[in-house]
């Protein structure tokens, strides 16, 4: 298995600089409809960062001279701040989660928003970017879209990067990396149960791109387990050689509290458990503690395991695909 992973790393790991924009634009033109690109930013109370991300993408990847991205959508999942206003002012098309597929009441969670985004975008390549990134670079988009335009066998591309903790300047050393849930939960799970995926540097990273023809066939865990679930399910559906990763440099973003990371870890473990034993009926809970005037007080959180089915099974999506197959929405 180690040899297989090493071969995959050699064949399917690149740097964003390996494919200059001129090469990507040539490949996009040659691909025609199959080269159309939609960028989706799932957002919840990200007024401080979403505007700069939208502005960068529009300025560097959506111009007459560099038309790499065809549409840019911010999917707002119930923000109570000015996220929607800021994103729209910066030039994004803002869509309220609750207006998409209204016959199905929305469930809370990032994966829910990503799943619904397939209904309001039209590109044959869909690129997801978290909306809390700071010091954002356009290579987060061009880097991971690149292999999908230039390598016909590639179906899904994850970004890999350094994750400094706090305000650290420059690339971090190993112990100074963020990504604690990755190292303590996701990486051990993948190495033990899906060793073919052991070569992914950032398996839980929120920046990745995939062909719509793959995404529409995948179930979407509605919460934080979406990235792990998508990676495992894509491996089962299209195989390791259809998956790839691209080094985009340094990723800076808001870090979660320890208790929030605990809930995230439990959800990711539950997502893996569901894939190890399909049909498992247990819906566990996670108990955490905070010190109060009365000592340590427990709080109980349900570990959700809800998933949305492959989008291709949704009648509204199939109708929309048939209607809009000739253009980007």
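The values are calculated or read from the model by the stated rules, or taken from the named source; none is laboratory data. Given the structure is predicted, the values throughout are model-derived calculations rather than measurements. We place every Cβ from the backbone using ideal geometry, glycine too, and count neighbours over all the protein chains shown.
If you go through the range 110-134 and keep only what is assigned to a loop (DSSP other than H, G, I, E, B) and touching a strand residue (DSSP E or B) at 6+ places or on another chain (Cβ under 8 Å), you end up with 118, 120, 121, 122, 123, 124, 129, 130, 131, 132. Considering the conditions (1) more than 26 Å from residue 117 (Cα to Cα); (2) surrounded by 13 or more Cβ atoms within 10 Å (Cβ to Cβ); (3) modelled with pLDDT of 80 or more, residue 321 is excluded by exactly one of them, (1). Restricting 137, 79 to residues that are touching a strand residue (DSSP E or B) at 6+ places or on another chain (Cβ under 7 Å), outside any helix (DSSP H, G or I) and either at pLDDT below 95 or farther than 30 Å from residue 310 by Cβ (or both) narrows the list to 137. Restricting to the range 283-297, and then to whatever is farther than 22 Å from residue 110 by Cα and not in a strand (DSSP E or B), can you tell me which residue is modelled with the lowest pLDDT? Within the range 283-297, the match that is modelled with the lowest pLDDT is 294. Evaluating residue 83 against the criteria (1) closer than 20 Å to residue 323 by Cα; (2) more than 15 Å from the chain's Cα centre (by Cα) leaves one unmet condition, (1).
Cβ-Cβ contacts under 6 Å between residues 6 or more apart (or on different chains), taken from a first residue in the range 104-125 that is over 17 Å from residue 316 (Cβ atoms) to a second residue that is in a loop (DSSP other than H, G, I, E, B) and modelled with pLDDT of 95 or more, are listed as 123/36; 123/70; 124/36.
Can you tell me which residues in the range 57-81 are within 21 Å of residue 147 (Cβ to Cβ), touching a residue at least 40 places away in the same chain (Cβ under 8 Å) and buried (at least 16 other Cβ atoms within 10 Å of the Cβ)? I'd like the intermediate steps shown before the answer.
Of the range 57-81, the ones within 21 Å of residue 147 (Cβ to Cβ) are 57, 60-62, 66-72.
If we keep only those that are touching a residue at least 40 places away in the same chain (Cβ under 8 Å) too, we end up with 57, 60-61, 66-71.
Within the range 57-81, 57, 60, 61, 66, 68, 69, 70, 71 qualify.
Among the numbered conditions (1) touching a strand residue (DSSP E or B) at 6+ places or on another chain (Cβ under 9 Å); (2) under 21 Å from residue 122 (Cα atoms); (3) part of a helix (DSSP H, G or I), the only one that residue 27 does not meet is (1).
Is there a residue in the range 250-257 that is under 23 Å from residue 139 (Cα atoms) and crowded, with 22+ Cβ neighbours inside 10 Å? Explain how you work it out, then say what you get.
Restricting attention to the range 250-257, the residues satisfying the condition of being under 23 Å from residue 139 (Cα atoms) are 250-255.
Next cut, crowded, with 22+ Cβ neighbours inside 10 Å only: 251.
There is at least one residue in the range 250-257 that is under 23 Å from residue 139 (Cα atoms) and crowded, with 22+ Cβ neighbours inside 10 Å.
Have a look at 300, 248 and point out the one that is part of a strand (DSSP E or B) and modelled with pLDDT of 90 or more. When all the criteria are applied, what remains is 248. Counting only helices (runs of 4 or more DSSP H) that sit completely within the range 176-239, those holding 1 or more residues that are touching a strand residue (DSSP E or B) at 6+ places or on another chain (Cβ under 9 Å) and more than 19 Å from residue 266 (Cβ to Cβ) correspond to 212-215, 226-238.
Residues in the range 83-106 that are assigned to a loop (DSSP other than H, G, I, E, B) and crowded, with 16+ Cβ neighbours inside 10 Å: 92, 100, 101, 106.
If only one of 123, 109, 51 is in contact with a helix residue (DSSP H, G or I) (Cβ under 8 Å, 6 or more places away or on another chain), crowded, with 22+ Cβ neighbours inside 10 Å and on the phi > 0 side of the Ramachandran plot, which one is it? Spell out how you get there, then give the answer.
Values: 123 fails: on the phi > 0 side of the Ramachandran plot; 51 fails: on the phi > 0 side of the Ramachandran plot.
The match here is 109.
Quick check on the range 33-45. Is at least one of its residues over 27 Å from residue 131 (Cβ atoms) and out of contact with any strand residue (DSSP E or B) (no Cβ under 9 Å at 6 or more places or on another chain)? Looking for residues that are over 27 Å from residue 131 (Cβ atoms) and out of contact with any strand residue (DSSP E or B) (no Cβ under 9 Å at 6 or more places or on another chain), one finds at least one in the range 33-45, hence yes.
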